[in-house]
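A short worksheet on the structure shown next.
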Amino acid sequence: MKTDVKYTDKELIEKVLNKETAIFELIIRRNNPYLYRIGRMYRFNHEDTQDLMQDTYIEAFTHLHQFEGRSTFRTWISKIMLHQCYRKTQKWYSKHMESLENNCQVIENFHNTETSNIVINRELNSVIEKSLLNIPEEYRTAFTLREINGLSVHETAELLEISESNVKVRVNRAKAYLRKEIEKFYLKEEIFGFNLIYCDAMVSRVMHKIKEISPVISVKF
């Protein structure tokens, strides 16, 4: 079997649609980091984000035949995840709201300390994550999709259904909220990182769920 990077999204989708259901595992692994960041961006904790990811993958699998390729697959599945987050936010927003006062205090302490340049990456990423959660949602969403998930301006605009110029404005305003000291050191690959252990577990969860809803298809693990 080819490795994940050797398959294009189109090839993966065609194989899944041709009943090679096990190939859907590669789609899961390829998109786990991006969907995880979207869930955390919405202030959902680790467990709730994984539940939302599973629901997103199941919905993507059951509606895969509707993907027409007019946008990238990452944009398409990210939009499903955004809709999942939005629906859950409407019901449980107050339950998952984090304390902004504590976040602001952490950021201020980091800004004032003389040893900020030697803070380890994990601590620094924690500060960035908390500072992002203080940014107004429309700016935080654009920043996360564009700068952290690596979508192009066009893809971000399509996903958020706004103009490309509006994307640039929102991203710039988001950056203005972040301390320049933080911007100099953040590693976008590790922000809201989805550990390999969690990735394996997500693959197992989704593939077993797919097996339940597709009993006529033989899936080997």
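Laboratory data are not the source of any read-out in this text; all were calculated from the coordinates shown. Not measured: the values here are computed from a predicted model. Virtual Cβ from ideal backbone geometry, glycine too; neighbours counted across all protein chains shown.
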**Asked** What distance in nm separates the simple spin-label points at Asn134 and Ile162, each placed 7 Å from Cα in the Cβ direction?
**Response** 2.1 nm
**Message:** Highest mean first, how do 151-160, 34-43 rank when packing is the count of other Cβ atoms within 10 Å averaged over residues?
**Reply:** 34-43, 151-160
